Ligand SMILES: [Fe+2]
Ligand SMILES: [Fe+2]
Ligand SMILES: [Fe+2]
Ligand SMILES: [Fe+2]
Ligand SMILES: [Fe+2]
Ligand SMILES: [Fe+2]
Ligand SMILES: [Fe+2]
Ligand SMILES: [Fe+2]
């Protein structure tokens, strides 16, 4: 059995502190074999930089997945091609910088495939994530039976459709992007672990990470507001997934919510 | 103290059966004072009819809220004006059939205000739900201190913004529409209970209530598919909210997930 | 030189009558070599049927292109595979019924390539129309130098971007879908004829073909309204494009607006 | 009779030069009584500043209307309250800076009402433009019979619905925002002049004003691109509308396209 930890969108400095303060204990107590975190909001709430990625790696994160904010900090465009531990949605058009999936070795020497895809409903015009998933699973054949997908998407219907579509072909489908953890974690019929959204690791008292006054004002006035990451106490959102490393089938999925 | 039960979107016959089989026991065991259910998908997954509404009332539901599917069954247009226990989003333009809020008396004689609003992000062009909420709270002044809002919306940011906007002015903000229960129920600083989404009461093994094969095919082909409510076993999603009836402040919020 | 006629979205019976009454004279007077019409709204304003397609062919249309309404009449799904004169957006996922482009012979024996693509901005989640265009132009190489694209799209930016992207590689990019003819027809620098939208062939006194009272009511009430094609007098919208058949370069583009 | 000139979205320096070089001759030759220009892209393609507004006024523009880009340059927020010749969409929430309509006196002393509204289809969540129009027309009663609306909107259906909705109650409905002039200018049955889009005054060889390579790259890569206004030659797009100043009915509408 192999145990994966998937951390929901890490937002800003507070989110990074949450990772640093929670990860060591969690990895030790839960005996985590591989740590994956969504880092699309890790740098000031918007995108990621080399420095921030290294900070997360130093804290124990081993793979960083991204999302619609992947290109917000420009330096990522050069950095991502030299850092195979940071992956971006695989369904960007061919030729996009970086890679959309990778194989990563756990402490115990097990190879785990990690995939990142973006949804399309209420989101940018990406390539079809369903066909893209098919192609990646084909590429993983014979190379890795344990595979986790971070499906970064807005609509619950698209996320559930993806999970059922891949059921029995992948170990886990973890939704990200809405920054709110859902309470629907389960193992589907053919052995795929699924949760609609892992949630957010960042400011507790906020509107999905942002200072709440700014978001409220935006909705009230319909005028542009520069968003800032909220301060205060943090929350740490993640899921722990147990996978049978021979079959790739998920055995268990457990939600985690730690509060400062 | 008064105890409210808010049931997440009831989908089709299976959802109605879930209500019938779960409600009596819940009301008795939890000593619920008022039962509210979102019924926008109660009739075959799409809208509501008089017959279906009466079936829910007979099962113990006391107030039915709606959402973007409110007008899907045409007969509602005439029915809703004669049935004040069914409310639709209050931020439809003035002159829309039915009402967007109402006052309802519990068994113990307490008056509870129930409000229904629709979000606008990724949704139809309604009037501003924030200003509409202000106006309704003004109208409730002196008439009811216990007030619950069913905020039927897609985006987590809009839902959280509404909850913080109304914090201390309303007893509870319960999100609906995504059909997936979130794990973020909490009492905000000034006493408003909040959950991003109460979830769905309907077919377990489905994509937000719909036969999963149809939804997957839709995403794969981008061609129209007539959606059908899934069959099989049900799930029952709700929240129980305790409110101090003098101050209107929420004391507790608890998620409920029952499975057949 | 070869002369192409591209007719804007034919809407309902009135649109078909406009085609029947205008086409023979136009073909004769303007010496048209090939007649293409967008037929996505030809059957009652929504989709197309075999009968309606045959009616348009009988009236002189030689190629029918479609758009987002292509599948609205279900029978098209079987019909389109047997009728190579009806093409649908080529950027549907692989495996969709029908074809997205074809080669058609003019009276004079010249082979003309006709392509249909759908935009993605404010439209369904299709495959990338730009890369799809590249692949089709590649397939046409050596087989046809005269090629016309019906780019069925909403956003003016996406349409202009496509035209400039294909400039010098295709004879004409004719936008459709908005049902309003634009006044920007021109020959781009490298020889591609372009117009943002060819317009609509259907009821004059209407909101893009629909009874205006119904559309106004929909905007005012935000409630569903069953749309009906307007009646009254027709308009006929088209463009005439002259192409050098050796080089495939456009020589001229002229707008046509006939009114009953 | 009074003659109004409405200039389509002025884009950047090139657009301003087009205004300066075309306006004096046009006003003199066509005997224009009032000059209105959409200025939402006048400052570097995005928003407007005091300096740029004064430049347009000096060139002969008398009223500047705006659109979705109104707040892009921050200084407008203070400036707009002190400059009643710049109006922004009237259907921003109450309390927004500036005004959404105004009354302006022509050289000959006639009072003309000018209104600016934003559409909602594929656009931000504004208040209902239809009901907002009703309220403004009510406010104009007895004060001005000549009234022009700049309806800044994306969807052709919303623009046509507005024009028919106001037919006979307003002198002209001029659409803006798509940056492409439409060829459907006409006088509706009850006397309202209408055009779906007046077009753009800015760089000819561009994708709606922007350097075409940048827009194409954006569509191909789905990655962020900083847009820049294109250079080269300009185009000047406008309409001339003749109105009977007693009845407020439009007598004529004529499109203008000047090219450098
Ligand atoms: Fe995020
Ligand atoms: Fe995201
Ligand atoms: Fe629902
Ligand atoms: Fe809904
Ligand atoms: Fe159409
Ligand atoms: Fe269309
Ligand atoms: Fe503009
Ligand atoms: Fe605009």
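The values are calculated or read from the model by the stated rules, or taken from the named source; none is laboratory data. Keep in mind the model is a prediction, meaning the values are calculated, not measured. As a convention, Cβ positions derive from the backbone with ideal geometry for all residues, glycine included, and neighbour counts pool all protein chains shown.
Numbers below:
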quantity: Some residue of the range C:202-212 being over 18 Å from residue C:234 (Cβ atoms) and crowded, with 24+ Cβ neighbours inside 10 Å; calculated: no
quantity: Where residue A:112 falls short, out of the listed (1) crowded, with 19+ Cβ neighbours inside 10 Å; (2) over 19 Å from residue A:191 (Cα atoms); calculated: (2)
quantity: Pick from the range B:178-227, criterion under 30 Å from residue C:90 (Cβ atoms) and in contact (Cβ under 8 Å) with a residue 24 or more places away in the chain, ranking: nearest to the chain's Cα centre (by Cα); calculated: B:210
quantity: Unique match (being farther than 26 Å from residue D:162 by Cα and buried (at least 19 other Cβ atoms within 10 Å of the Cβ)) among D:58, D:43; calculated: D:43
quantity: Some residue of the range A:227-244 being within 28 Å of residue B:127 (Cα to Cα), part of a loop (DSSP other than H, G, I, E, B) and more than 9 Å from chain B (Cβ to nearest Cβ); calculated: yes
quantity: Matching residues in the range C:216-234 - criterion: being within 18 Å of residue C:9 (Cβ to Cβ) and either surrounded by fewer than 24 Cβ atoms within 10 Å (Cβ to Cβ) or within 16 Å of ligand 4 (Cβ to nearest atom) (or both); calculated: C:227, C:228, C:229, C:231, C:232, C:233
quantity: Residue B:37 being buried (at least 22 other Cβ atoms within 10 Å of the Cβ) and either in a loop (DSSP other than H, G, I, E, B) or within 16 Å of ligand 8 (Cβ to nearest atom) (or both); calculated: no
quantity: Unique match (being in contact with a helix residue (DSSP H, G or I) (Cβ under 8 Å, 6 or more places away or on another chain) and at positive phi) among B:199, B:209; calculated: B:209
quantity: Qualifying residue in the range D:18-31 (condition: modelled with pLDDT of 95 or more, more than 16 Å from ligand 2 (Cβ to nearest atom), away from chain B (no Cβ under 14 Å) and not in a helix (DSSP H, G or I)); calculated: yes
quantity: Selection count, the range B:98-143, where residues are more than 11 Å from chain D (Cβ to nearest Cβ) and over 22 Å from residue B:69 (Cβ atoms); calculated: 20
quantity: One residue from D:214, D:220 being within 9 Å of chain C (Cβ to nearest Cβ), under 30 Å from residue C:162 (Cα atoms) and not in a loop (DSSP other than H, G, I, E, B); calculated: D:220
quantity: Test result for residue A:43, over 23 Å from residue A:259 (Cβ atoms) and part of a loop (DSSP other than H, G, I, E, B); calculated: yes
quantity: Residue count for the range A:170-200, restricted to those that are more than 10 Å from chain B (Cβ to nearest Cβ) and assigned to a strand (DSSP E or B); calculated: 8
quantity: Residue match in the range A:78-99 (condition: farther than 24 Å from residue D:221 by Cβ, more than 16 Å from ligand 2 (Cβ to nearest atom) and buried (at least 22 other Cβ atoms within 10 Å of the Cβ)); calculated: no
quantity: First in the range A:59-73 and more than 12 Å from every other protein chain (Cβ to nearest Cβ) and closer than 15 Å to residue A:8 by Cβ, second anywhere and part of a loop (DSSP other than H, G, I, E, B) and away from ligand 4 (no atom under 16 Å from the Cβ), Cβ under 6 Å, 6 or more apart; calculated: A:63/A:85; A:64/A:39; A:66/A:40; A:66/A:88; A:67/A:40; A:67/A:177
